[in-house]
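Peer 1: Submitted below is the structure of interest, expressed as structure tokens.
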Amino acid sequence: MIASVRGTVTAITLDHVVIEVGGIGLAIRTTPTTLAGLRRGEPARLSTTLVVREDSLTLFGFASDEAKELFELVQSVSGVGPKIALALIAVLEPDELRRALASGDYATLTRAPGIGRKGAERLVLELRDKVGVVSTATPSGGGAAAAAWRPKLSEALVGLGFTVKQADDAMATLASDVDDPAVVDGDVGLLLRRALGLLGRHR
């Protein structure tokens with residue numbers, strides 16, 4: 001197994017990064033938030049896990065060991081593969097995912113694409129006793145988070161290669177839905193994912 005990768009970032013796309021290690025470029029699937037923190041030509045380290053299928057070998061990378069462990073853990077549930085597991089990690093921070101699993105927060109779990117009510121119930125049933133002790137404290141300062149998402153999202157999109165105008169247009173579209181919980185709470189990870197979907201359709 002390839003447990004981690006350290007090297008120079010040579011390419012960044014919408015769903016994977018290429019990191020050169022010893023003259024070999026490794027394509028690593030990861031989340032939009034992780035991609036946003038990487039820069040071409042700069043060194044990077046990702047915790048990784050190799051998913052082996054009959055017709056493919058796919059390397060998945062994460063900014064933290066905890067995210068990788070959760071990615072592997074949720075796949076132990078019947079019907080949950082790498083695609084859904086990655087969606088959970090992309091939408092929810094590790095602590096948020098652990099808390100949702102431990103408390104049976106189905107609404108939070110179903111924010112991830114591919115997870116419906118039944119899938120969320122199955123995840124909670126099989127994993128609530130495996131995620132360990134998690135803090136029950138909820139993040140405070142929602143108003144400040146909501147006010148701060150625009151510059152963070154703009155920086156992430158520009159870092160992925162989009163122009164400032166493209167970033168501004170995407171943010172304006174997202175901000176137009178004033179009742180969207182992601183906008184109200186300033187959920188940068190979820191907003192980044194939505195912005196990438198908007199920009200992808202116009203490329």
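Every read-out reported here was derived from the displayed coordinates using simple, explicitly stated rules and does not represent laboratory data. The model shown is predicted, which means the values in this text are computed figures rather than measured ones. Every residue, glycine among them, receives a Cβ derived from its backbone with ideal geometry; neighbour counts consider all protein chains shown.
Peer 1: Amide H neighbours of residue 4 under 5 Å, at least 5 residues apart or on other chains, H built in the peptide plane: list them.
Peer 2: 48
Peer 1: Report the net charge of residues surrounding residue 37, where surrounding means a beta-carbon distance below 14 angstrom and charges are Lys +1, Arg +1, Asp -1, Glu -1. Present the calculation step by step, with values, prior to reporting the outcome.
Peer 2: On the way: positive: 39, 40, 45, 152; negative: 42, 93, 155.
Neighbour charge sum, excluding residue 37 itself: +1.
Peer 1: Using Kirkwood radius over Cα pairs in Å as the read-out, say which of [x] 19.6; [y] 17.9; [z] 17.2 was calculated from these coordinates.
Peer 2: The listed entry that was calculated here is [y].
Peer 1: Testing the spin-label approximation: label points 7 Å from Cα along Cα→Cβ at residue 69 and residue 1. State their distance in nm.
Peer 2: Reported label-point gap for residue 69 and residue 1 is 1.2 nm.
Peer 1: Rounded to whole Hz and in sequence order, give me ³J(HN,Hα) for the range 36-44 from the Karplus expression 6.51 cos²θ - 1.76 cosθ + 1.60, θ = phi - 60°, writing x for Gly and Pro.
Peer 2: These are the phi-based 3J(HN,Hα) values: 5, x, 9, 9, 4, x, 9, x, 8 Hz.
Peer 1: Give the residue from 23, 108, 199 lying farthest towards the positive end of the charge dipole for the chain; charges sit on Cβ (+1 for Lys and Arg, -1 for Asp and Glu) and the dipole is referred to the Cα centre.
Peer 2: 23
Peer 1: Okay, next question. Multiplying the sequence separation of residue 105 and residue 21 by 0.36 nm and subtracting their Cα-Cα distance, what value in nm do you get? Kindly include the intermediate steps, with their values, before the conclusion.
Peer 2: On the way: separation 84, 0.36 × 84 = 30.24 nm, distance 4.03 nm.
Here the segment from residue 105 to residue 21 would lengthen by 26.2 nm.
Peer 1: Along Cα→Cβ, 7 Å out, is where each label goes; now give me the distance between the ones at residue 78 and residue 177 in nm to one decimal.
Peer 2: According to this spin-label approximation, the distance is 3.3 nm.
Peer 1: Here's something else I'd like to know. Name the GluC sites (Glu not before Pro) in the range 1-76 that are in a loop by DSSP and that have at most 12 other C-beta atoms within 10 Å, would you? Walk me through the numbers on the way to the answer.
Peer 2: Numbers: sites: 20, 54, 66, 69, 72; in loops: 54.
Hits after loop and neighbour filter: 54.
Peer 1: Grab the Cα-Cα distance for residue 128 and residue 58, subtract it from 0.36 nm times how many residues apart they are, and report the gain in nm with one decimal. Can you show the working numbers first?
Peer 2: Values: separation 70, 0.36 × 70 = 25.20 nm, distance 2.77 nm.
Working it through step by step, the gained length comes to 22.4 nm.
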